[in-house]
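Asker: Here it is, the structure in full.
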Amino acid sequence: MPPTTNTAATSLHSETVSHDESKDLAAFSCPVPLPARERILLGHGSGGKLSAELLKEVFLPALGNPILNRLDDQAIVSIDGARLAITTDSFVVKPLFFRGGDIGSLAVHGTINDLAMGGADPLWLSAAFILEEGLPLDTLRRVVTSMHQAAANAGVQIITGDTKVVEKGSADGLFINTSGIGRVRENVSLSASQARPGDAILVSGYLGDHGIAILAEREGLQFETQVNSDSAALHTLVVRLLEATPEVRCLRDPTRGGLSSTLNEISASSQVGMELEETAIPIREEVRGACEMLGLDPLYVANEGKLVAIVAPSAAQAALRALQSHPTGKDAAMIGRVTREHPRMVVMRTPLGTTRIVDMLAGDQLPRIC
Amino acid sequence: MKYLDEYRDARIARALAAEIRRRSTRPWVLMEICGGQTHTLMRYGIDELLDDSVQLVHGPGCPVCVTPLETIDRAIALARRADVTLLSYGDMLRVPGSETDLFHVKAEGGDIRVVYSPADAVQFARSRPGRKVVFFAIGFETTAPAHAMAVLQAERLDLTNFSLLVSHVLVPPAIRTLLRSPRNCVQGFIAPGHVCTVVGCREYEDLVREFRVPIVVGGFEPVDLLEAIRMLVIQLEEGRAEVENQYVRSVQYEGNRPAQEAIARVFEISDRKWRGIGSISVSGLRLREEYAAFDAERIFELADVCAEEPAECISAEVLLGHKKPTDCTAFGTRCTPDKPLGAPMVSSEGACAAYYQYRRHLVTL
């Protein structure tokens, strides 16, 4: 959440302490009913329906403000004429090391990508560590070295940080939070609320690699696969795209909840429908196979180095070529269109020519994927 | 994917659908038994492809859906015990019991873990001798051999901390109940391919003789199901009623003998309750007396945990094919996968959830 929300929360709090108890309750009473579920479930962290419910029923009533309420992956604020993007993300992935990355590189890439999806050039990151008593120092060294490499490769610096240690059993090895700040490029304004009927839907490459790479290493699930996590910084790909066409409406990285959650969010935010072509969606053979075996739909599996772009119809081909001209986007594809029909619903044309809904994830069977 | 994409081939699927439309002189009412088959029909929009040339109704073959409410309550009671670790297939965690579900019990501190295989559950019990490890063994004939093997393995390892909470149901008695119903309208069945891989086709011969209804053992991919539907339509148009096997790449007439022997050694046939339907005689499996030491119901004395199902849900009508999920007034409004009223909305293989997940853009709520 952006710093502005902290300010809002603080002032709310200081305001209420001076009131009597009944007024306190009134001040905090939410416009929506309290959630019926009285405890946090793993599904609340899925990025799907339960996460959305938590935002709507707990966070926004207490912390909401015009900047936060946009619910994009980053807050955009203006200071002295400069537009800044601010974002934060926590990483709890299990295991800490996996094919194609680790929690350290993931924490750097994830936050860079959230800035990049706002059209910002990432400048600086913070890093905060929650360490479990007993964590081998060597593990921490490996993670921090990986963070340094990822940041250096992306041309950003980690300029502030924090460390906390909790008793053994109170955390699982190591959790990381990173925040980031970036400068939004001139004349760029991206938001999930800007998709319009007719727009093209593009993805920058193969979907589902990260989730499958993680699952392959989970206890009880070990299966052999050559799939690497796609964990990567996307800001140079975004620059390539934005320089090719000014008509990009929205960028998102389909992390938790996968492509389906991202597209459902955009369609809800923009009050439009979407129609996808199933055969056009790039999914590796190995990922399809693993999903088949595990009973998963690759459209719900997490990515950490892919973006979804919603682009004006006239710019679709130029945007696709721009993505494909960049090493990180060489397998980019146009996968569908924004429609006026069935608003807030993502529908997919199957290989048989019939249609089906691509819904938002209801529960979560794959916790701690990032 | 080799051996899979061929069965999703659009050209073959469209040709089969065209043949079904051409051959069908009236909208025959056909039922697929298995939830996996329902899921495929909905996911690929096969109903759309067939254009009302046949009417597809959906059977009771989602094991998650038909697991009785009181069995869920018993699993919840076990998971709340400080000395028990409950191991389960992931799907079961969201299924609502009378008051809560296993996800919430887990959030309250219950030691509940998801495993993919009963063999993993045995290994888990072996590695934690101090814990009472209960595996929630649900399913049709398909999962029964693996559960039987888990018990045999635990016996071989002399494990005293491993047990099963069994909720095993059998397909043929359910079909028989359905066919005996005066309201039955189903004229042909797609039998569940994976169940028949284990038990073979013999039991279905009895049903065909008794009720003169065609049964085709079918697979789970779009082309499998379209071919099975075509075979049923041809039988119906020709006035035949036979057992035929579409899923020949997996099912042999006699089934899998070693698997059947493992089931027979560990389990015996018993009456079972089906969620949404009620009690059906000789429709399930329970652990034999010799394996009582592995029976969580006996070890933990769970018989007191009973539950009555809420009346508002029409799941019985849906599970028996009398009604479609969209006939329910609560469908998609008061009952969604997120907040299910009844069992068929819970698992992605349940008929209501499959309709909701894939087809609700075609119905007006």
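Laboratory data are not the source of any read-out in this text; all were calculated from the coordinates shown. All values derive from a computational prediction rather than experimental measurement. Here the Cβ positions follow ideal geometry from the backbone for every residue, glycine too, while neighbour counts run over all protein chains shown.
Asker: For segment A:32-116, which GluC sites (Glu not before Pro) pass both filters: DSSP loop (anything but H, G, I, E, B) and at most 16 other C-beta atoms within 10 Å?
Answerer: Here the GluC sites (Glu not before Pro) that fit, given the DSSP loop and packing criteria, are A:E38.
Asker: Related question: Counting each DSSP H run of 4 or more residues in chain A as -39500 (n - 2.57), what helix-only mean residue ellipticity at 222 nm follows after dividing by all residues, to the nearest 500 deg cm²/dmol?
Answerer: Helix-only estimate at 222 nm: -9000 deg cm²/dmol.
Asker: Kyte-Doolittle mean at least -0.5 and Cα extent at least 24 Å along the axis: which DSSP H helices of chain A qualify?
Answerer: Answer set is A:137-154.
Asker: Under 1.5 on a/c is rounded, so check that first for segment A:192-357, then, if it is not, pick prolate when a/b is larger than b/c and oblate when it is not; a ≥ b ≥ c are the square roots of the alpha carbon gyration tensor eigenvalues.
Answerer: oblate
Asker: Could you line up B:K2, B:K323, B:K106 from fewest to most neighbouring Cβ atoms inside 10 Å?
Answerer: B:K2, B:K323, B:K106
Asker: Place +1 on the Cβ of every Lys and Arg and -1 on the Cβ of every Asp and Glu in segment B:1-310, take the dipole about the Cα centre, and give the residue among B:Q252, B:N184, B:I215 whose Cα lies farthest towards its positive end.
Answerer: B:Q252
Asker: Below 8 Å between Cα atoms, with a sequence gap of 6+, how large is the relative contact order for chain B in percent?
Answerer: 23 percent
Asker: Same structure again: Kindly provide the GluC sites (Glu not before Pro) of segment A:119-171 that DSSP labels as loop, not H, G, I, E or B, and whose Cβ sees at most 13 other Cβ atoms within 10 Å.
Answerer: A:E133, A:E167
Asker: Across the Cα atoms of segment A:214-284, what radius of gyration and what greatest pairwise Cα-Cα distance (Dmax) are found, in Å?
Answerer: Values for segment A:214-284 (Cα only, Rg and Dmax): 16.0, 48 Å.
Asker: Once each part is reduced to its C-alpha centroid, what is the distance from segment A:213-287 to segment A:103-144 in angstrom?
Answerer: Segment A:213-287 and segment A:103-144 have Cα centres separated by 20 Å.
Asker: List the chymotrypsin sites (Phe, Trp or Tyr not before Pro) in segment B:1-56 that DSSP assigns to loop (not H, G, I, E or B) and whose Cβ has at most 16 other Cβ atoms within 10 Å. Which are they?
Answerer: B:Y3
Asker: Under 15 Å Cα to Cα from A:K168, which aspartates and glutamates show up? Leave out anything in the same chain fewer than 8 places away.
Answerer: Filter leaves A:E132, A:E133.
Asker: Then there is this: Can you give me the Cα centroid spacing of segment B:98-157 and segment B:305-348 in angstrom?
Answerer: 27 Å
Asker: So for segment B:315-362, averaging the separation of alpha carbon pairs under 8 Å that are six or more residues apart and normalising by length, what relative contact order in percent results?
Answerer: Value for segment B:315-362: 30 percent.
Asker: Checking the cross-link filter: which lysines have an alpha carbon closer than 28 Å to that of A:K49, excluding same-chain neighbours under 8 positions apart?
Answerer: The reachable lysines, counting only those whose Cα sits under 28 Å from A:K49, are A:K94, A:K306, B:K106, B:K324, B:K339.
Asker: Straight distance only, please: which aspartates and glutamates reach the Cα of A:K56 with their own Cα at less than 17 Å, same-chain residues fewer than 8 apart left out?
Answerer: A:E38, A:D72, A:D73, A:E265, B:D338
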